[in-house]
Structure formats: C-alpha cells, structure tokens
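Below: the structure, in structure tokens.
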Amino acid sequence: MMNMTEEGLLLRSRFRIRNTSELIALAEQGGLPERLIINTHPQRWTDSVIHWITEYLTQNIKNQIKRMI
C-alpha cells in the first residue's frame, strides 16, 4: 500500500464509490470531500462493441491470473 496520511486512510474508509451513479448521487447530496482523486481506465472507454468485449475479456483473464499468483 502506498504511504497514505491518516486523513487519507479515514477518507478511503468512508468512501467506497463503485460506479458513476454512486458518484453522481454523492455529489448531488454534497457528500464529496473537498479534494478527490478519480482513478479511471480510459483504455476501456469505447463505442465499439468489439473493442469493449475484447477489453472486458482480457481484463477478466488477467484478473484470474493475478488471483492465482
């Protein structure tokens, strides 16, 4: 784990946002912290169904291998 401040660890334990809808809802409620880092994977953003499926399958295969290691 990266060296996080106590404040960062506390915020990480309070916020477990898993999708865009949850993020939007929290923002609309005024529940977001003053500063925020959004970790995204832009290589997964595509309008091509074939590219999206390829990325999805590749990520799932890699995740299964990582779990076995």
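The values are calculated or read from the model by the stated rules, or taken from the named source; none is laboratory data. In this text, all values refer to a predicted model and were calculated from it rather than measured experimentally. Quick reminder, even Gly has a Cβ in these numbers, built from the backbone with ideal geometry, and neighbours come from all protein chains shown.
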task: Working only within segment 8-22, note down all residues that are surrounded by 10 or more Cβ atoms within 10 Å (Cβ to Cβ) and at pLDDT below 85.
output: Gly8, Leu9, Leu10, Leu11, Arg12, Phe15, Ile17
query: Is there any pair with a first residue in segment 7-19 that is without any contact (Cβ under 8 Å) to a residue 40 or more places away in the chain and closer than 16 Å to Asn39 by Cα and a second that is surrounded by fewer than 11 Cβ atoms within 10 Å (Cβ to Cβ) and basic (Lys, Arg) whose Cβ atoms are under 6 Å apart and which are 6 or more apart or on different chains, and what are they?
result: none
query: What's the number of the condition Met4 fails, among (1) in a loop (DSSP other than H, G, I, E, B); (2) exposed (fewer than 11 other Cβ atoms within 10 Å of the Cβ)?
result: (2)
Positions within segment 23-69 being loosely packed, with under 10 Cβ neighbours inside 10 Å and in a loop (DSSP other than H, G, I, E, B), in sequence order: Gln29, Gly30, Glu34, Arg35, Ile37, Ile38, Asn39, Thr40, His41, Asp47, Ser48, Ile69
